[in-house]
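This report refers to the structure that appears directly beneath it.
The values are calculated or read from the model by the stated rules, or taken from the named source; none is laboratory data. Not measured: the values here are computed from a predicted model. Here Cβ is always computed from backbone atoms with ideal geometry, including for glycine, and neighbour counts include all displayed protein chains. All accessible areas refer to the heavy atoms of the entire protein, side chains included, with ligands and DNA or RNA removed. Shrake-Rupley method; radii C 1.70, N 1.55, O 1.52, S 1.80 Å.
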Amino acid sequence: QLDKTKVVAVALATSSFVKAADLVGFHHRARDLIQTEGLGVDVVLSDASGQQIVNTAVPIGDPLPRHGNPGQVLQMFKTGQPIVSDVFTGGATGRPRVSVEVPVFADGKVAYALGVNIDPQELGEVLRQQNLPTTWISSISDRTGTIAARSSQAEKFVGQKVNPDILRRLPSELEAAFESVTKEGFPALIVFSRSPVTGWAVAIAIPLDALQAELKRNLALLGIGAALLFAASGWFARIWTTIDGEHV
């Protein structure tokens, strides 16, 4: 999802509207592109100070605030490298946002930072599409351990930190599995995996009750299978004994 958004951001960063400083044309082009691609909720063009120049969430010509994540803009101008942000509050919308930020070059230097902003709800949709069991809870968190999307009670927990046991492991582990307690307060087996590229992580909490019930069911099936196997073995033994006796 983030890679697809980056492709859209790069396409906008190299558009003729930016090179011609046609901000009105860029506003329309950016708005149309993210709607067509179905990626992102708005596009922001900012200068080195973090001042927004264009924001597709605001009508062209209206006053614009500073970027909601000015430290990211500063880093962009220093490195000239694309960035996937952590969760921050949008400067114009005041809502949680995640941004895929790319540089806009002019004469070999970074002239603007172009960000395609994502509503965390979009990432939540990615979780829902996995069709996990309804009792399982999945989440996506950024590099700082801030929850960006959650399959359960997202409106309550997005923007908060992840489970403390996950938070403690994030800086040093790419993946882990351990027992802990969810934010809802029930014991669970928690498994997580962190991307070495973005530093973002996906975690899944599986209720221990569900695991134990599944284990009991599997043991029962194993027992039934073993009983049938023994019964079949006994039946074949009797048949073989009968055949062997007749043969004698």
### Task
For the range 110-120, state whether one or more residues are touching a residue at least 12 places away in the same chain (Cβ under 8 Å) and part of a helix (DSSP H, G or I).
yes
#### Entry: Output for the range 1-47, where each listed residue is part of a loop (DSSP other than H, G, I, E, B), open to solvent by 60 Å² or more (accessible area, probe 1.4 Å) and either in contact with a Cys (Cβ under 8 Å, 6 or more places away or on another chain) or closer than 18 Å to Gly80 by Cβ (or both)
Thr14
### Message
Can you pull out every residue in the range 159-199 that is closer than 20 Å to Glu122 by Cα, modelled with pLDDT of 90 or more and outside any strand (DSSP E or B)?
### Response
Gln160, Val162
### Message
Checking the structure you have, find out if any residue of the range 147-157 is in a strand (DSSP E or B), open to solvent by 60 Å² or more (accessible area, probe 1.4 Å) and touching a strand residue (DSSP E or B) at 6+ places or on another chain (Cβ under 9 Å).
### Response
no
### Query
Is the range 127-134 home to any residue that is crowded, with 19+ Cβ neighbours inside 10 Å, of a type outside the set (Ser, Thr, Tyr) and more than 21 Å from Gln1 (Cα to Cα)?
no
### Summary
Going through (1) outside any loop (DSSP other than H, G, I, E, B); (2) without any contact (Cβ under 8 Å) to a residue 24 or more places away in the chain one by one, Val100 fails only at (2)
### Query
Counting only residues that are outside any loop (DSSP other than H, G, I, E, B), surrounded by 15 or more Cβ atoms within 10 Å (Cβ to Cβ) and either out of contact with any Asp or Glu (no Cβ under 8 Å at 6 or more places or on another chain) or of a type in the set (Asp, Glu) (or both), how many does the range 67-83 have?
4
### Task
Report yes if Asp3 is within 27 Å of Val202 (Cβ to Cβ), among the charged types (D, E, K, R), out of contact with any helix residue (DSSP H, G or I) (no Cβ under 9 Å at 6 or more places or on another chain) and without any contact (Cβ under 8 Å) to a residue 40 or more places away in the chain, otherwise no.
yes
